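Reviewing the structure listed below.
The numbers here are math on the coordinates, done by the rules we state, and not lab data. Computed from a predicted structure; not experimentally measured. With ideal geometry, Cβ positions are generated from the backbone for all residues, glycine too; neighbour counts draw on all protein chains shown.
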Amino acid sequence: MLTNEQVHEFERNGFVNGGKVISDAALTELTAALDAVLEKGPDGFDEGEPQPVSFRTLSGDREKPVWQIVNIWEATPAFERLIYHPDVVSGISQLTGDKDLMVWHDQIQYKPAEYGGATTWHQDAPLWPIIKPMTPVSAWIPFDDADEDNGCMWMVPGSHKWGNQIDFLRTQGELKQREDFKNLATFSPPNDADIAQVEAVPWPVKRGEVSFHHSLTWHGSPFNRSGRPRRAIAIHYMTGEARFDAGGDHLMKRFVDLPDGAPMAEAGAHFPSVCRDGVPVGVPAHLSA
């Protein structure tokens with residue numbers, strides 16, 4: 001459970017550290033499972049073998065990649081267990097105020113040592129146009145200590161209350177190096193905003209801790225020039241209010257066979273329920289055996 005202070009911090013800033021939630025033994029298992037998937041690579045899965053929905057480099061450069069693996073939970077039991085983690089699910093329920101939650105999708109973000117590319121400034125919700133209202137909160141868990149040296153995330157406090165500003169953030173794509181990343185162009189937040197100045201801050205997170213962030217919080221991460229990798233997973237959740245917007249597009253759309261406006265709770269096995277009536281459903285029996 002998050003404390004009242006943590007909830008208030010999230011409401012003000014748009015992000016909060018929920019503390020360590022993954023045991024060292026589980027971290028060892030998850031890291032080994034991730035390394036096995038990375039070793040296979042995007043073209044290493046056999047036909048019919050359980051595999052991620054997508055496996056690509058966000059940087060567009062395999063020499064300087066930011067490897068993104070979407071729905072690794074569908075490829076390995078260790079990560080499927082993770083999406084049901086009660087501390088993570090309870091934190092999402094607290095911060096959204098919603099008692100019913102489903103998985104929207106997960107994504108691995110891997111910056112290799114010495115040449116891991118940047119993830120430029122963005123907001124999450126505008127990139128997910130097939131669900132309305134927007135999915136509100138994500139959980140981000142690193143498998144290596146993420147700090148300024150190896151390309152930790154940076155956040156802009158209060159930006160989750162400034163609306164959809166993805167068009168402005170797309171103009172900041174040249175900010176990729178650690179020394180430049182905070183140098184966002186002049187932007188004027190709404191006059192009634194709780195935080196009315198733009199201040200980009202590094203957001204280091206320790207291995208096995210969970211960081212929660214709002215889907216409109218401005219965030220990104222610079223190049224990893226260190227000798228250490230930065231491996232992490234973001235798990236994005238939907239609330240029970242989520243509806244399908246057939247007018248949008250997203251790589252998960254091909255798994256949604258619903259009429260426009262239908263509840264995403266009816267979307268099927270690619271979007272599992274993890275919380276009902278405020279209670280985490282727990283790890284399914286076939287995974288806990």
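Just a few scattered comments:
- Along its first, second and third principal axes, ordered by size, the stretch 113-205 spans 40, 30, 22 Å in Cα coordinates.
- Protection-proxy order for peptides 262-274, 34-46, each taking the mean of Cβ atoms within 10 Å per residue, highest first: 262-274, 34-46
- Cα centroids of the stretch 48-109 and the stretch 113-165: 14 Å apart.
- Placed amide H near Arg230: partners under 5 Å, 5+ positions off or other chain: Lys111, Ala113
- Normalised by residue count, the stretch 232-288 yields a Cα convex hull volume of 122 Å³ per residue.
- The stretch 174-251: C-alpha gyration tensor shape, a/c 1.5 cut-off, then a/b vs b/c: oblate
- Lysine pairs meeting the criterion (Cα under 25 Å, 8 or more apart or interchain), as found in the chain: 21
- Gyration tensor verdict on the chain (Cα atoms; rounded if a/c is under 1.5, prolate if a/b is larger than b/c, oblate otherwise): rounded
- Using θ = phi - 60° in the Karplus curve 6.51 cos²θ - 1.76 cosθ + 1.60, the 3J(HN,Hα) couplings for the stretch 267-283 round to 7, x, 5, 6, 10, x, 6, 10, 8, 10, 6, x, 10, x, 6, x, 5 Hz; x is entered for Gly and Pro.
- Based on DSSP H segments of at least four residues, each scored -39500 (n - 2.57), the chain has a per-residue ellipticity at 222 nm of -5000 deg cm²/dmol.
- The GluC sites (Glu not before Pro) of the stretch 127-233 that meet both conditions, a loop assignment by DSSP and at most 16 other Cβ atoms within 10 Å of the site Cβ, are Glu148, Glu174, Glu179, Glu199.
- Length-normalised contact order of the chain in % [C-alpha pairs under 8 Å, at least 6 apart]: 29
- Residues Leu58 and Glu241, FRET efficiency given R0 of 45 Å [Cβ-Cβ distance, rounded to 0.05]: 0.95
- Were the residues from Thr31 through Leu127 laid out at 0.36 nm apart, the gain over their Cα-Cα distance would be 31.8 nm.
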